[in-house]
Amino acid sequence: MDSLETLRSWVASAERMVFFGGAGVSTESGLPDFRSVDGLYSQKFDVPPEVMLSHDYFLEKPEAFYRFYREKMLCLDAQPNDAHRTLARWEREGKLLAVVTQNIDGLHQKAGSRRVYELHGSVYRNHCTRCGKFFGPEYVRDHSPVPYCDACGGLVKPDVVLYGESLDGDCLRGAAEAIAQADVLLVGGTSLTVYPAAGLLGYYRGSRLALLNRDATPRDGDADLILRAPIAQVLGQL
């Protein structure tokens, strides 16, 4: 049995499948990834992306932060691909327990997934740092160069986890509990080098861990099945 057929049989018998994914899930929707050879972190900028996407840079240079954020992170026209759609279908069928994602693009929800743990937040949620008022992504997009609160004048911040910030504890716990319950764990489109997110794989206790990734990861030795192919291409066949 080849790898795709093995994966197909795992999916067919699964009752509590969990998917853990990263930026590679959305590349076929036209969004950039980060750590591949042609990813965002391999491009040349005057200021490294890791600096521009930090909490300190956001506070000290909000205009430069938002210029980069709007160009590279705020992709509101992007549409779900076969990976997002397949996962949403599995949830409707009662096979998929949850999606755990490092992505902030909201494409899983746009495809119809409902139980999604967004480890690094979402571009679709924004709030005033002074009064807490909520704003949608269009407000951030349309109020250039820096979106300020229309109620109190405070700086509006995207609900995304910047460098120097901690992940939401409730989200982390929920993701860990879902992975601990999984009978099949599918991991795809992630380098598995970003912690604490990558450490969540340690909660899996089953024997059907599949890595669906174009490139090798530090956790390949833990996998029960590896498929070297774009994730949307694989899931689109299941």
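The values are calculated or read from the model by the stated rules, or taken from the named source; none is laboratory data. Model, not experiment: these values are computed from the prediction. As a convention, Cβ positions derive from the backbone with ideal geometry for all residues, glycine included, and neighbour counts pool all protein chains shown. The area values use the complete protein model at the heavy-atom level, side chains included, leaving out ligands, DNA and RNA. Shrake-Rupley method; radii C 1.70, N 1.55, O 1.52, S 1.80 Å.
When you look at G188, is it over 22 Å from L227 (Cα atoms), open to solvent by less than 10 Å² (accessible area, probe 1.4 Å) and touching a residue at least 12 places away in the same chain (Cβ under 8 Å), yes or no?
Numbers: over 22 Å from L227 (Cα atoms): no; open to solvent by less than 10 Å² (accessible area, probe 1.4 Å): yes; touching a residue at least 12 places away in the same chain (Cβ under 8 Å): yes.
Judged against the criteria, G188 is not a match.
The conditions are (1) open to solvent by 80 Å² or more (accessible area, probe 1.4 Å); (2) part of a strand (DSSP E or B); (3) among the acidic types (D, E), and D150 fails exactly one of them. Which is it?
(2)
Read through the list (1) modelled with pLDDT of 95 or more; (2) closer than 19 Å to Y117 by Cβ, then give the number of the only condition that D224 fails.
(2)
What are the residues in segment 77-101 that are within 30 Å of G154 (Cβ to Cβ), surrounded by fewer than 22 Cβ atoms within 10 Å (Cβ to Cβ) and not small (G, A, S), if any? So that I can check it myself, show each step before the final result.
First pass over segment 77-101, keeping only residues within 30 Å of G154 (Cβ to Cβ): 77-78, 101.
Narrowing the set further to residues that are surrounded by fewer than 22 Cβ atoms within 10 Å (Cβ to Cβ) leaves 77-78.
The one that is within 30 Å of G154 (Cβ to Cβ), surrounded by fewer than 22 Cβ atoms within 10 Å (Cβ to Cβ) and not small (G, A, S): D77.
If you check N213 against the conditions, is it modelled with pLDDT under 95, touching a helix residue (DSSP H, G or I) at 6+ places or on another chain (Cβ under 8 Å) and under 29 Å from A78 (Cα atoms)?
Working: modelled with pLDDT under 95: yes; touching a helix residue (DSSP H, G or I) at 6+ places or on another chain (Cβ under 8 Å): yes; under 29 Å from A78 (Cα atoms): yes.
When the stated conditions are applied, N213 passes them.
Within segment 99-116, can you find the residues that are under 22 Å from E28 (Cβ atoms), touching a strand residue (DSSP E or B) at 6+ places or on another chain (Cβ under 6 Å) and touching a residue at least 24 places away in the same chain (Cβ under 8 Å)?
V99, V100, T101, I104, H108, S113
Read through the list (1) part of a loop (DSSP other than H, G, I, E, B); (2) surrounded by 13 or more Cβ atoms within 10 Å (Cβ to Cβ), then give the number of the only condition that Y195 fails.
(2)
Being under 27 Å from G174 (Cα atoms), open to solvent by 60 Å² or more (accessible area, probe 1.4 Å) and modelled with pLDDT of 75 or more is the filter here; which residues of segment 9-46 pass it?
Once the filter is applied, which keeps residues that are under 27 Å from G174 (Cα atoms), open to solvent by 60 Å² or more (accessible area, probe 1.4 Å) and modelled with pLDDT of 75 or more, segment 9-46 yields A12, S13, E15, R16.
Do we find that D142 is within 21 Å of D105 (Cα to Cα), of a type in the set (D, E, K, R) and either over 18 Å from the mean Cα position of the chain (by Cα) or modelled with pLDDT under 95 (or both) in this structure?
On the way: within 21 Å of D105 (Cα to Cα): yes; of a type in the set (D, E, K, R): yes; either over 18 Å from the mean Cα position of the chain (by Cα) or modelled with pLDDT under 95 (or both): yes.
Yes: the conditions hold for D142.
Could you check G202 against (1) out of contact with any strand residue (DSSP E or B) (no Cβ under 6 Å at 6 or more places or on another chain); (2) assigned to a helix (DSSP H, G or I); (3) within 24 Å of L31 (Cβ to Cβ) and say which number it fails?
(3) is the only condition that G202 fails.
Scan segment 160-177 residue by residue and report those that are assigned to a helix (DSSP H, G or I) and under 14 Å from the mean Cα position of the chain (by Cα).
So the first thing to find is which residues in segment 160-177 are assigned to a helix (DSSP H, G or I), and the list is 169-177.
Passing the criteria: C171, L172, A175.
Answer with yes or no whether R205 is surrounded by 13 or more Cβ atoms within 10 Å (Cβ to Cβ) and more than 19 Å from the chain's Cα centre (by Cα). If you could, list the steps in order and put the result at the bottom.
On the way: surrounded by 13 or more Cβ atoms within 10 Å (Cβ to Cβ): no; more than 19 Å from the chain's Cα centre (by Cα): yes.
For R205, the condition - surrounded by 13 or more Cβ atoms within 10 Å (Cβ to Cβ) and more than 19 Å from the chain's Cα centre (by Cα) - is not met.
Can you name every residue in segment 170-202 that is out of contact with any Asp or Glu (no Cβ under 8 Å at 6 or more places or on another chain) and hydroxyl-bearing (S, T, Y)?
Residues of segment 170-202 out of contact with any Asp or Glu (no Cβ under 8 Å at 6 or more places or on another chain): 170, 172-182, 184-188, 190, 192-200, 202.
Result: T190, T193, Y195.
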